Each structure stands twice: as C-alpha cells, then as structure tokens.
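Heads up: the structure comes next, in structure tokens.
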Amino acid sequence: MIPLFKPSYDEQELEALKQPFASGWIGLGPKTKEFEEKFAQFIGIKHAVGVNSGTAALHLAMKVMDVAGGEVITTPITFVSTNHAILYNDAIPVFADVQADTLNIDADKIEPLITSKTNAIVVVHYGGYACDMDKIMAIAAKYNLKVIEDCAHSCGGSYKGRRTGSIGDIACFSFHAVKNLACGEGGMITVNDAALDKRLRALRWLGITKDTWNRAKGEAYSWFYNVDEVGYKAHLNDIPAALGLVQLAKLDKLNNRRRDIVGMYNKAFADLDWLIRPVEKDYTKSAFHNYVVKIKKRDKFIQYMADKGISTGVHYYPNHLYSVYKPYYRKLPIAESIWQKIVTLPLFTDLTLSEINYIIESVVNFSG
Ligand SMILES: Cc1ncc(COP(=O)(O)O)c(C=O)c1O
C-alpha cells in the first residue's frame, strides 16, 4: 500500500538523536531551548514555547487568550483538536462556514456571527494554504477580538510573504508524525508578547515558574520555585526537540519537494472534468501539507484506489456534525455538502517518481 503520509528522515535525524542520549539529559533542556529559539527565528516572531502536541498548544494558547466563558468563532473543517481546545477552556465554539475552493474559514461569514460574547477567532490554514488573513485581522481589530492561528498544516507556509504563525495574536504548531515537520509528537506556540511567553512557559510545566533545566544550574536556592496558577504537564522534551532541529533546517527544502509533487498532480489532472484540484490563492505560498481533490463519486473512488494499493483519506468530517458538538450545531451549507466530495491523495516528500506516476495513472484511469 502507498501510504497517505510518511515522515522524511535520514542519517541526520538518527545522528542528532544520539546527543540527548549521550548527554544524559532527555527532559526539557538545552535541545528544547535551541529548537524554540531557531523556530522563533524561522517563523519571524519573538517567542516560541515548546509543548508536547499541537492539541496542548491550542489548549494553552486559548487559555492565555482568555477565551473562557465567551464564544470563539471557528471552522468545522479541521481535526477535532482545534475545537476541543475551545471546550477545554469552557468557551463556546461558533462554527462559521468555509470557502468552497480552499476549505478555509470564509472571512465573509465571520462578521454576522459576532455577538457581545465573542472574544476570539481561530483560523486553520487548511492543507497548508493560508486563510485570508488581512480580512480576518481587520474584522478582529474592528471588534477587538483575538486571532489564534492553527498552523498544524502550514509549517513553513506563508501569507503575503510572512510565515503563518506570525500574523495573529498567537499561533499553534503540531509536530505529530504526519506533519511537514515531524517529531513523532510535539508542538509549538509562537507569540510576540513577552508576558504571554512567560505565562505559557509556566503553564506547560504545571504552573511552576522555573523549569528543571534552569533549576539544575547549581546556583544557591536553585531548587526553589513558586507556583502561581494550576498548569499542565505539556512541555516538549529534548528527544523530539533534537529531531525537530534537523527537520527545521530541512523544512523549506522538504516543502519545495511537496510543491513539485503537487505541480505534477495538478498538471496531470488539469483536463479531468470530474475532479476539482486544490487552489493556491495569490496571497499564499502553501506548505502543501496535503493534496485534497473533490470528486462527485468520492466513495467509489476511495474503494477503487484501495484496490490499486493506494491509501486515501477524508480530511475532515465537519466537526459540527459530531455528536459532542450537537449543542453548537448551526447549518453550514458548504461544509455539509463539500465533505462528501473531498478525498486526500498521498503527499509526502519521499514519494518516488514511479509511485507518483502510478498514483497519477490510477487517478486518470478512474472511470467513475
Ligand atoms: C488542524 C490541526 N490542528 C491541530 C492538530 C493537533 O495536533 P497534535 O496531533 O500534535 O495534537 C492537528 C493534527 O493532528 C491538526 O491537523
């Protein structure tokens, strides 16, 4: 079976992993700090705080954005983590419909949903293609709302020349095994505000104001710490951070390879009148996390591809249709019709040319 996603590792990652093991420090330590600093530099932001998943990043980011008790405008076409984080924070998800072409939250659908209780908008740069951020930031400024970027798909992507993760008030990344920058598990929160950075560092470590690495420096009273508020066990450690440093150094190259593969797919599928290709708007340079096409006979196509030994997926079932989100249901005509047509094809940097050609040939020969 050709998988849908696969991380791209070589000897460099294996070599890098030796360092934390050789040093004997595999917890939150120097590799995490170095990864945070290099990641912040890469994104073009002042602070990056390493956490153990994208879900934890969203949980903590929304906490410091003070969404509790209010309403957060969000997208239904995302992994459930985005919306679970709203519920973790005792806030109400208010679902806005998506753009039919990008599957990103439709900026024009946001304003009518704003009430006196709205305090934030969460945007997901779906598939790596940035949302219409100028429009969204203007609405947020008009109503004094916070903007949280979910960059789980868009690591390395950009909007009008700025990396995603540097545009909203705060942003969240995932380094889960299938992501463009893959550490097995891991995540990052990026923010410009120094006070929020400080609070996030404590929150990811049970609320403790000094991490174990700083306590190990041997100064007088270095063992002492205070706890200002109840935090979580959500910090990154030096094993995924060592992997992340290598992946970060390669990321633009890896994403360019994804761009090449998407170019081959787009060219080969251009004349198929039964298949709609993904759209890269002129304001975004996608990170190309996934390749999602729209096909009327989607379910038949999935079975056909499986018979050919090619994995496919559906990203995502609209979250507002899950039973847990029933209390927050509102009719979203585009999301509710489009999910029945979407199908994800394999996209990862180590796909070989013969695999790409085989996938293309199989798609083109689908008779419907
Ligand atoms: C859009 C989106 N948000 C959040 C997450 C959560 O990230 P993690 O799996 O690292 O918790 C994911 C992926 O898993 C995702 O695709």
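Just so you know, all these numbers are worked out from the coordinates, no wet-lab data involved. Just so we're clear, the structure is a prediction, and the values are computed from it rather than from any experiment. Here the Cβ is made from the backbone with ideal geometry for all residues, glycine too, and neighbour counts use every protein chain on show.
Of the chymotrypsin sites (Phe, Trp or Tyr not before Pro) found in region 187-231, the ones in coil according to DSSP and having at most 14 other Cβ atoms within 10 Å of their Cβ are Tyr221, Trp223, Phe224. DSSP beta bridges confined to the chain are antiparallel in about 60 percent of cases. In this simple spin-label model, placing a label point 7 Å from the Cα along the Cα-to-Cβ direction at both Lys217 and Glu11 gives a separation of 3.7 nm. For a modelled paramagnetic label at Glu37, 7 Å from Cα along Cα-to-Cβ, the residues of region 191-212 in reach, with backbone nitrogen under 20 Å, are 191-195, 197-202, 210-212. Rounded to the nearest Hz, the phi-derived 3J(HN,Hα) couplings of region 279-290 under the Karplus curve 6.51 cos²θ - 1.76 cosθ + 1.60 (θ = phi - 60°) are 10, 9, 5, 5, 7, 10, 10, 5, 8, 6, 5, 9, where x marks glycine and proline.
Across region 153-170, rounded Karplus estimates of 3J(HN,Hα) from the backbone phi angles (6.51 cos²θ - 1.76 cosθ + 1.60, θ = phi - 60°) give 9, 10, 5, x, x, 9, 10, 6, x, 9, 4, 5, x, 10, 9, x, 6, 7 Hz, Gly and Pro being marked x.
For Lys18, the aspartates and glutamates whose Cα comes closer than 15 Å to its Cα, not counting residues fewer than 8 places off in the same chain, are Asp10, Asp238. The distance between label points at Ala194 and Tyr143 comes to 3.3 nm (points 7 Å beyond Cα on the Cα→Cβ vector). Among Asn52, Asn144, Ile105, whose Cα sits farthest toward the positive end of the charge dipole of region 11-249 (+1 at Cβ of Lys/Arg, -1 at Cβ of Asp/Glu, about the Cα centre)? Of the options given, the answer is Asn52. A Cβ-based charge dipole, computed about the Cα centre of the chain with Lys and Arg at +1 and Asp and Glu at -1, lands at about 180 debye. Thinking of region 281-359 as a set of Cα atoms, what percent of all their pairs are more than 15 Å apart? Value for region 281-359 (Cα pairs over 15 Å): 67 percent. Backbone amide hydrogens, once placed in the peptide plane, bring Gly70 within less than 5 Å of Ile92, excluding anything fewer than 5 places away on its chain. Considering the chain at the alpha-carbon level, its Rg and Dmax are found to be 20.9, 74 Å. Taking Gly244, Gly309, Gly54 in turn, the Gaussian network model of the chain (Cα-Cα springs below 10 Å) assigns the largest fluctuation to Gly309. Using Cβ point charges alone (K and R +1, D and E -1), the dipole size of region 158-234 about the Cα centre works out to roughly 240 debye.
Region 172-193 and region 307-329 have Cα centres lying 22 Å from one another. Between Ser323 and Met1, the C-beta separation translates, for a Förster distance of 35 Å, into a calculated FRET efficiency of about 0.70. Residue exposure proxy: Thr190, Thr344, Thr209, ordered by other Cβ atoms within 10 angstrom of their Cβ from fewest to most, comes out as Thr209, Thr344, Thr190. Over the chain, with a Gaussian network built from C-alpha contacts below 10 Å, which listed residue (Asp273, Asp97, Asp108) shows the highest mean-square fluctuation? Comparing Asp273, Asp97, Asp108 in the GNM, the peak value goes to Asp273. Taking 7 Å steps out from each Cα toward its Cβ at Arg259 and Ile360 produces label points 1.9 nm apart.
When the chain is treated as a Gaussian network with alpha carbon springs shorter than 10 Å, the biggest mean-square fluctuation among Ala48, Ala306, Ala202 belongs to Ala306. Annotation: extensible slack from Asp282 through Ser337 equals 17.2 nm (criterion: 0.36 nm per residue apart, minus Cα-Cα distance).
Amide H contacts of Thr284 (H built 1.01 Å from N, in plane; Pro and chain starts excluded): Lys160 sit under 5 Å, all sequence-distant by 5 or more or on other chains. Loop-located trypsin sites (Lys or Arg not before Pro) across region 1-107 with a Cβ neighbour count of 16 or fewer within 10 Å are Lys46, with loop assigned by DSSP.
What ranking do Ile139, Ile2 get, fewest neighbouring Cβ atoms within 10 angstrom at the top?
If I rank by nearby Cβ atoms, fewest first, I get Ile139, Ile2.
Taking all Cα pairs closer than 8 Å and separated by 6 or more residues, the relative contact order of the chain comes to 24 percent. Remark: Glu36, Glu219 ranked as Glu219, Glu36, counting other beta-carbon atoms within 10 Å and listing the fewest first.
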